[in-house]
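Okay, so here's the structure we're looking at.
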Amino acid sequence: MTDYRFQGVQPSVSPQQQPANPQPTSAGRQQNVLTQPNPIDQTQPADPFNHLPKPVPEQILLTWQAPSRIFKKRSRQYFATIVVIGLLISLILLFAGQFLPIAVVLSVVFLVYILSTVPPSTVNHKISNFGIWVENNLYYWEELGRYWYTEKLGQTLFNFEVARFPGRITILLGETSRDELESFLSQVLVNEKPAPTFFDKAADWIEKNIPLDKE
């Protein structure tokens with residue numbers, strides 16, 4: 001058998017021994033490039049995020065200002081009555097050996113004194129399509145429950161349940177029309193007054209049976 005590697009002669013290849021996939025010539029390669037589809041021409045969706053919900057900008061519907069809480073200038077009899085009640089409860093707890101509740105009672109008396117002598121600040125309120133703004137705190141519609149109106153000391157308050165601490169928010173109407181506010185709240189929330197709690201009943205009983213202040 002002749003070894004062609006040492007004679008400089010390349011063996012001839014028969015048609016049966018030719019490779020199954022011959023390399024294309026330059027003309028063939030150019031033709032294949034022209035006939036292949038261009039991947040850039042493939043159609044792409046116009047909006048790949050079309051299935052996602054679009055964000056909605058916030059719109060302010062109503063704004064007003066009101067005091068942060070109800071305030072009434074109290075007389076000396078009011079403070080004297082509060083102090084006497086606090087001292088009596090503290091003496092009872094002292095004889096019972098309950099020292100920690102005594103500190104709680106004294107703290108409540110001091111808080112009542114502060115709330116009755118320091119005028120409240122003015123708070124900005126806003127109603128938007130997101131929820132209710134109380135100064136810089138936003139309560140979303142999704143976390144609000146029922147709302148109802150109450151009258152106290154000649155002022156109108158609206159209360160609403162909220163799914164966060166403290167569970168209930170009370171806001172003064174100020175100079176805002178109740179009907180105007182109702183037109184927005186009734187579209188989202190339910191106007192229903194809940195059953196009074198134990199603390200509500202206790203506060204009403206004290207207000208009716210213990211005269212803390214002269215009118």
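Every number here is computed from the coordinates shown, using simple stated rules; none is lab data. Every value quoted in this text rests on a predicted model; they were computed, and no experiment measured them. Note: ideal-geometry Cβ built from the backbone for every residue, glycine included; neighbour counts use all protein chains shown.
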| request: Please report PHE198, PHE110 as a ranked list, fewest other C-beta atoms within 10 angstrom at the top and most at the bottom. | output: PHE198, PHE110
| query | Residue separation times 0.36 nm, minus the C-alpha to C-alpha distance between ARG178 and LYS72: what's the value? | reply | 36.0 nm
| request: Please give the direction-averaged projected area of the C-alpha convex hull for segment 63-121, in square nanometres with one decimal. | output: 4.9 nm²
| field | Where only alpha carbons of segment 144-215 are counted, the Rg and the Dmax (Å) | value | 14.2, 42
| message | Using 18 Å as the Cα-Cα cut-off, could you pick out the over-long pairs in LYS72/LYS201; LYS152/LYS201; LYS126/LYS193? | response | LYS72/LYS201; LYS126/LYS193
| According to a simple spin-label model (label point 7 Å from Cα along Cα-to-Cβ), what is the distance in nm between ALA195 and GLN155? | 3.1 nm
| query | What's the FRET efficiency of ASN124 with PHE95 using the Cβ-Cβ distance as r and R₀ = 45 Å, to the nearest 0.05? | reply | 0.40
| query | Given +1 on the Cβ of Lys and Arg, -1 on the Cβ of Asp and Glu, and no further charges, what dipole in debye does segment 60-201 carry about its Cα centre, rounded to the nearest 20? | reply | 640 debye
| field | THR63 paired with ARG146, simple spin-label distance in nm, labels 7 Å along Cα-to-beta-carbon | value | 3.3 nm
| query | Any idea which of ILE132, VAL162, PHE199 is furthest toward the positive side of the dipole for segment 60-201, if Lys and Arg beta-carbons carry +1 and Asp and Glu beta-carbons -1? | reply | PHE199
| request: For ALA163 and VAL83, compute 0.36 nm times the residue count separating them, minus their Cα-Cα distance, and round to one decimal in nm. | output: 25.2 nm
